[in-house]
């Protein structure tokens, strides 16, 4: 019996995919990302207690003239709450104001300026030796208060 031996197969080379017709370029949406649209809508509505998801969707639809994708909107709201840029109050959302760090005070360095406005280098001066002189002061005479007569 003659056993047939299979010839070793060559390494599999991926075949290039056939491109049928014309490839479409990725379409860029005519509106900004949902996160920026949501924050802009909440600011535009300006409700003190926050804005509901329905109100935000309506404002975005009117402002950008698009049909709002409710799934993308709810994901954007949820990620905004997780990131800390939005706050959820009951069934409404508010924009969280970012706290700016207090500006650091700069320490002023003494500079010696010349008459023409250019900075002059300040040289370190050696401390001068001074002799202390004692001042003699005469004690002043005390004034006695005179009683007033009526």
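Every number here is computed from the coordinates shown, using simple stated rules; none is lab data. Being a predicted model, the structure only gives us computed values, none of them experimental. So basically every Cβ, Gly included, is an ideal-geometry build from the backbone, and we count neighbours across all protein chains shown.
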FRET efficiency, 1/(1 + (r/R0)^6) with R0 41 Å, evaluated for residue 30 and residue 91 via beta carbons: 0.85
Would you mind calculating the relative contact order of the stretch 34-95 from Cα pairs under 8 angstrom and at least 6 residues apart, reporting the percent as a whole number? 42 percent
I'd like the FRET efficiency for residue 66 and residue 98, computed as 1/(1 + (r/R0)^6) with the beta carbon distance as r and R0 of 22 Å, rounded to 0.05. 0.20
Based on a Kirkwood Rh over C-alpha pairs, give the Stokes-Einstein translational diffusion coefficient of the stretch 34-95 at 4 °C and viscosity 1.567 mPa s in µm²/s. 115 µm²/s
